[in-house]
Amino acid sequence: MAVLSVNRQRLHRNVTKAPRELPLAGYTNFAGGSAIHSVYKGSVVVCDVSDTDGYFRACPLSSSTNLASGDIFGGIAVERQDVTSADTADGSKKVACYIDGEHAFAVGSIAQTDIGAAIYASDDDTATTTSTNNIWIGVLVEVDATYAWVDISQAAGQPNSVT
C-alpha cells in the first residue's frame, strides 16, 4: 500500500465513543521545520515523539519513516486537515479521530489465521502483522474477502511499547 494522497472513506463499525480532537504538529515543528502536511480522512494518526512530541500527524509522512516504541497511536482521522505555512504554532489545527470501534483496512498479507493478532500500521493506510518500525493500532477481529477489520479500542492513545 502507500501513503494516502486523498481522503479514504474507511468503513467502520461498533464505534461507541465520540471522536477525540488531537492537536496537530505545526508548520515550523513538523519534519524538522517549515513543512506543509495533511492528515486525510481515514488516516492512521500518530504522535512521533522524536519529531513532534506531544503533537500528531499522519502515520508517517513516507513509508520509509520508522516508528519507535514511545510513539503514540492517536486514532483514525474522521476528517481531513491541512497544516499550511500560516499554521506555525503547534496545536493551532486539530483533527477529530475515532478512538474505538473496528476499522477496515485492505487485507494485503493479513490472513484468517491472524485473528486475534496485534496489528500495526506501516503508513497511514496500511495494516500489517509486522511490528518492526511500525506502530501498534489494535487487534485483528475479522478477515473477509476485501477487508481486515481491526479493533483500535485498546491501542488508541497508547504508546507503541504497550504491545
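Numbers for the structure displayed
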quantity: Euclidean distance of C-alpha centroids, segment 94-156 and segment 1-43, integer Å; calculated: 16
quantity: Percent breakdown of C-alpha pair distances by 10 Å bin, ordered from the shortest bin, for the chain; calculated: 12, 45, 34, 8, 1
quantity: Solvent-accessible area, 1.4 Å probe, carbon plus sulfur percent, for the chain; calculated: 48
quantity: The chain: relative contact order in percent, alpha carbon pairs under 8 Å with at least 6 residues between; calculated: 27
quantity: Candidates Ile137, Ile72, Ile115: whichever shows maximal mean-square fluctuation once the chain is modelled as a Gaussian network with Cα springs under 10 Å; calculated: Ile115
quantity: Ratio of the Cα radius of gyration of segment 1-54 to 2.2 N^0.38 Å, where N counts its residues; calculated: 1.33
quantity: Mean accessible surface per residue for the chain, computed with a 1.4 Å probe while every protein chain stays in place, in Å²; calculated: 44
quantity: The chain - charge dipole about Cα centre, Lys and Arg +1 at Cβ, Asp and Glu -1, debye rounded to 20; calculated: 300
quantity: For segment 19-163, with +1 on Lys and Arg beta carbons and -1 on Asp and Glu, the positive-most of Trp136, Val95, Ser34 along the dipole; calculated: Ser34
quantity: Choice from Asp71, Asp82, Asp124 with maximal GNM fluctuation in the chain (Cα, 10 Å cutoff); calculated: Asp82
quantity: All-pairs Cα distance distribution in segment 73-133, expressed in whole percent, bin size 10 Å; calculated: 17, 41, 27, 13, 2
quantity: Calculated FRET efficiency for the pair Ala117/Arg13, C-beta based, R₀ 22 Å, to 0.05; calculated: 0.70
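The values are calculated or read from the model by the stated rules, or taken from the named source; none is laboratory data. Please read these numbers as outputs of a predicted model, since none were measured by experiment. Counting neighbours? That spans all protein chains shown, and the Cβs are built from the backbone with ideal geometry, glycine included. Surface areas here come from the heavy atoms of the whole protein model, side chains and all, with no ligands, DNA or RNA. Shrake-Rupley method; radii C 1.70, N 1.55, O 1.52, S 1.80 Å.
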